Amino acid sequence: MFTRSGMFAATGREMQLSAAAMLANLTFLDDRDDEHRAAVDALGRYGKLGVHGPFTAIFGAERRCVPEVASVYAELFHRFGYLSVDRMLTADEWVPFTTLRDWVGDRDVRRSEVEAVFGPPSLLADKRVLCYAPEDGSGWVFFDCWQERVERYEPGHGRFDVLVEDDPLVRDIRVPAGTFDDGLVLTLFGRVLRWGPGWWIHHPGHDQSPETGAIAAQLRQLQAGDPSQA
């Protein structure tokens, strides 16, 4: 269900319903209702629509978030002992994960770089969400890759072929935090997807220079004085 979530659901909401129902059934059979209630309460940080809600709100419904939702429930299933993973990271291996915001900065990152720096993931959801689990039982870290659907016409064949990226870009990193937004670390690609090419005007990056900051401030003033922006 988690490594090939696209076979079980077409949307993030469907994945959420399927995984939530399975977890509820398993914990009921094992008489772990109190633990289940605590886990459900902890998912409240995703908002009233559930786990899929913030992904849809930030990146759009057209960018289906099936493996992202699956990864969240994979962590829960693992905590309950219902799922095994390929790798558990030691305390020393986990140290680089504590400075991810500085590591990514305002740049683009590809999946191959993530695996080169941090090693193979504990779990890979649909070949594009890399999940890393620490031995100490603290929260997982997720690297969400994304590829926009690109079609190219094939002359002489009368059809369009979908171009597949072998080494997709990382859109965002999710780290343990009290709220979804607090734990969301956007790459440069992710910022453009969320806010557009002008993201730097209202959302300054980690590496923004004083000159760029001054230009952004001037543009904000112009927008504030433009009646069409009201």
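A short reminder: the numbers here are calculations on the coordinates, not readings from a lab. Model, not experiment: these values are computed from the prediction. FYI the Cβ positions are ideal-geometry reconstructions off the backbone, even for glycines, and counts take in every protein chain you see.
Only four residue types carry charge here, +1 at the Cβ of Lys and Arg and -1 at the Cβ of Asp and Glu. Report the dipole size of the chain about the Cα centre in Debye, rounded to the nearest 20.
So the magnitude is around 640 debye.
Estimate the FRET efficiency between Ser112 and Leu29 by the formula 1/(1 + (r/R0)^6), using the beta-carbon distance for r and 25 Å for R0, to the nearest 0.05.
It comes to 0.05.
Please list the non-local residues whose amide H lies under 5 Å from the amide H of Arg4, H modeled 1.01 Å from N, same-chain partners needing a gap of 5 or more.
When sequence neighbours closer than 5 places are left aside, the close amide H contacts are Asp126.
Could you tell me which residue out of Trp94, Tyr46, Tyr73 lies farthest along the dipole of the chain toward its positive end? Charges go on the beta carbon: Lys and Arg +1, Asp and Glu -1, centred on the Cα centre.
Result: Tyr46.
Starting from the Kirkwood radius over alpha-carbon pairs of the chain, derive D by Stokes-Einstein at 37 °C in a medium of 0.692 mPa s and give it in µm² s⁻¹.
168 µm²/s
Length gain on complete extension for the stretch Asp41 to Leu83, per 0.36 nm per residue less the alpha carbon to alpha carbon distance?
Gain on stretching Asp41 to Leu83: 13.1 nm.
Extension gain Phe8-Phe160, at 0.36 nm per residue separation less the Cα-Cα distance, in nm?
Result for the pair: 52.1 nm of gain on full extension.
Can you tell me, using C-alpha contacts under 8 Å and at least 6 residues apart, the relative contact order of the chain as a whole percent?
Relative contact order comes out at 17 percent.
By DSSP, what percent of the beta bridges with both residues in the chain are antiparallel, rounded to the nearest 5?
Counting only bridges with both partners in the chain, antiparallel ones make up about 95 percent.
Per residue of segment 105-116, what does 6.51 cos²θ - 1.76 cosθ + 1.60 with θ = phi - 60° give for ³J(HN,Hα)? Whole Hz please, x for Gly and Pro, Karplus curve as stated.
Using θ = phi - 60°, the values come out as x, 10, 10, 8, 9, 9, 4, 4, 5, 4, 5, 5 Hz.
At 222 nm, what helix-only mean residue ellipticity would the chain give, in deg cm²/dmol to the nearest 500, using -39500 (n - 2.57) for each DSSP H run of four or more?
For the chain, the value works out to -12000 deg cm²/dmol.
What whole-number volume per residue, in cubic angstrom, does the convex hull of the C-alpha atoms of segment 117-230 give?
So the per-residue hull volume is 202 Å³.
What percentage of all Cα-Cα pairs in segment 1-74 are separated by more than 17 Å?
Every Cα pair in segment 1-74 considered, those over 17 Å come to 43 percent.
Students often check this: by mean Cβ neighbours within 10 Å, which of 44-57, 22-35 ranks highest, and how do the rest follow?
Put in order of decreasing packing, that is 44-57, 22-35.
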